[in-house]
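What follows is one structure encoded as structure tokens, with my remarks underneath.
The values are calculated or read from the model by the stated rules, or taken from the named source; none is laboratory data. Since we're looking at a predicted model, the values are computed, not measured. Because the Cβ atoms are built from the backbone with ideal geometry, glycine has one as well, and the counts that use them run over all protein chains shown.
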Amino acid sequence: MNVILLGPPGAGKGTQAKKLSAEFGTPQISTGDILRDAARRGTELGKLAAPLMQSGQLVPDDLVVKIVEECLRQPDASRGFVLDGFPRTIPQAEALDAALAKAGRKIDAVVSLDVPESTLIQRISGRRSCAKDGSVYHLNENPPRQAGICDKCSSPLIQREDDQEDKVRERLAVYARQTAPLKDFYAKRGLLRSIEGVGSPEGVYLDVKKALGKP
Ligand code: AMP
């Protein structure tokens, strides 16, 4: 199962990708998580990506394409993968097709999570993540046991800089301009399955599985 989860920031791509990954044993490939980790560790890639991420802009295509190609070559991705946050532009989608074709593989399905903008903003503004392990919480929907502290590693929870309201509006505009055209790109290939990404994560997950033809 080679799957892409498509949707604006706050649509629940990460949450659904984790669920698919846990149930089907296919790795979640999240370019956002990989870039944030690189920024935390202060690698060359991280130094380049950090200012762009903080301002809500996209990191250049060639950099993210290289990251994903590397992930796809890993043995754990040989039986399938769930892409979360990639591709985000048409050139990224074309590069992905080319990389997969070289290995005799292809995308099986693209699940688009559709969520109204007011819900996206409400979700993102309440999102808090662990400064150390990246675990994600929500102040109301999925609060940590102890306020401000990660359940798993007891590190402080922070608000991602790009989750602040002005940055969120920029990210939504970038999504509309650069990423939303991918829906058409994949619809033309007969791969797009659009579902409503509202309600509980468990309810949305049932719809994601249905869209993938998984009982
Ligand atoms: P995310 O966690 O998916 O919301 O990504 C956070 C930020 O990482 C984005 O706003 C971009 O700056 C960067 N990023 C993640 N994935 C990509 C991608 N496929 N192409 C370009 N930039 C990306």
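Annotations
Here's the yes/no breakdown for (1) in a helix (DSSP H, G or I); (2) on the phi > 0 side of the Ramachandran plot; (3) modelled with pLDDT of 95 or more; (4) surrounded by fewer than 21 Cβ atoms within 10 Å (Cβ to Cβ):
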| site | (1), (2), (3), (4) |
| --- | --- |
| LEU5 | no, no, yes, no |
| ARG36 | yes, no, no, yes |
| ASP62 | yes, no, yes, yes |
| VAL82 | no, no, yes, no |
| GLU94 | yes, no, yes, yes |
| VAL111 | no, no, yes, no |
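- Qualifying residue in region 8-28 (condition: more than 10 Å from the ligand (Cβ to nearest atom), closer than 23 Å to THR119 by Cα, in a loop (DSSP other than H, G, I, E, B) and in contact (Cβ under 8 Å) with a residue 12 or more places away in the chain): yes
- Long-range neighbours under 8 Å by Cβ, at least six apart or interchain, first residue free of Cβ contacts under 8 Å to residues at least 60 places away in the same chain within region 55-68, second of a type in the set (Phe, Trp, Tyr) and within 6 Å of the ligand (Cβ to nearest atom): VAL64/PHE86; VAL68/PHE86
- So ALA39, is it within 10 Å of the ligand (Cβ to nearest atom) and either acidic (Asp, Glu) or out of contact with any Cys (no Cβ under 8 Å at 6 or more places or on another chain) (or both): yes
Residue by residue, here is whether (1) without any contact (Cβ under 8 Å) to a residue 60 or more places away in the chain; (2) away from the ligand (no atom under 16 Å from the Cβ) holds:
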{"residue": "ASN142", "(1), (2)": "yes, yes"}
{"residue": "ILE158", "(1), (2)": "yes, no"}
{"residue": "GLU161", "(1), (2)": "no, no"}
{"residue": "LYS167", "(1), (2)": "no, no"}
{"residue": "GLU170", "(1), (2)": "no, no"}
{"residue": "GLN178", "(1), (2)": "no, no"}
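- VAL174 vs. criteria outside any loop (DSSP other than H, G, I, E, B) and touching a Lys or Arg at 6+ places or on another chain (Cβ under 6 Å): no
- Taken over region 96-109, residues that are within 16 Å of the ligand (Cβ to nearest atom) and assigned to a loop (DSSP other than H, G, I, E, B) amount to 1.
- Flag if LEU52 is within 11 Å of the ligand (Cβ to nearest atom) and in contact with a strand residue (DSSP E or B) (Cβ under 8 Å, 6 or more places away or on another chain): no
- Residue count for region 69-88, restricted to those that are within 23 Å of GLU44 (Cα to Cα) and touching a residue at least 12 places away in the same chain (Cβ under 8 Å): 9
- ALA99 in contact (Cβ under 8 Å) with a residue 12 or more places away in the chain and closer than 24 Å to ASN2 by Cα: yes
- Members of region 69-85 that are more than 8 Å from the ligand (Cβ to nearest atom) and in contact with a helix residue (DSSP H, G or I) (Cβ under 8 Å, 6 or more places away or on another chain): GLU69, CYS71, LEU72, ALA77, GLY80, PHE81, VAL82, LEU83
- Conditions (1) within 12 Å of the ligand (Cβ to nearest atom); (2) not in a helix (DSSP H, G or I): number failed by ILE124: (2)
- The single condition among (1) over 17 Å from the mean Cα position of the chain (by Cα); (2) more than 28 Å from ALA38 (Cβ to Cβ) that TYR205 does not satisfy is (1).
- Matching residues, region 192-211, being more than 19 Å from LEU120 (Cα to Cα), surrounded by fewer than 17 Cβ atoms within 10 Å (Cβ to Cβ) and either among the hydrophobic types (A, V, I, L, M, F, W, C) or touching a helix residue (DSSP H, G or I) at 6+ places or on another chain (Cβ under 6 Å) (or both): LEU206
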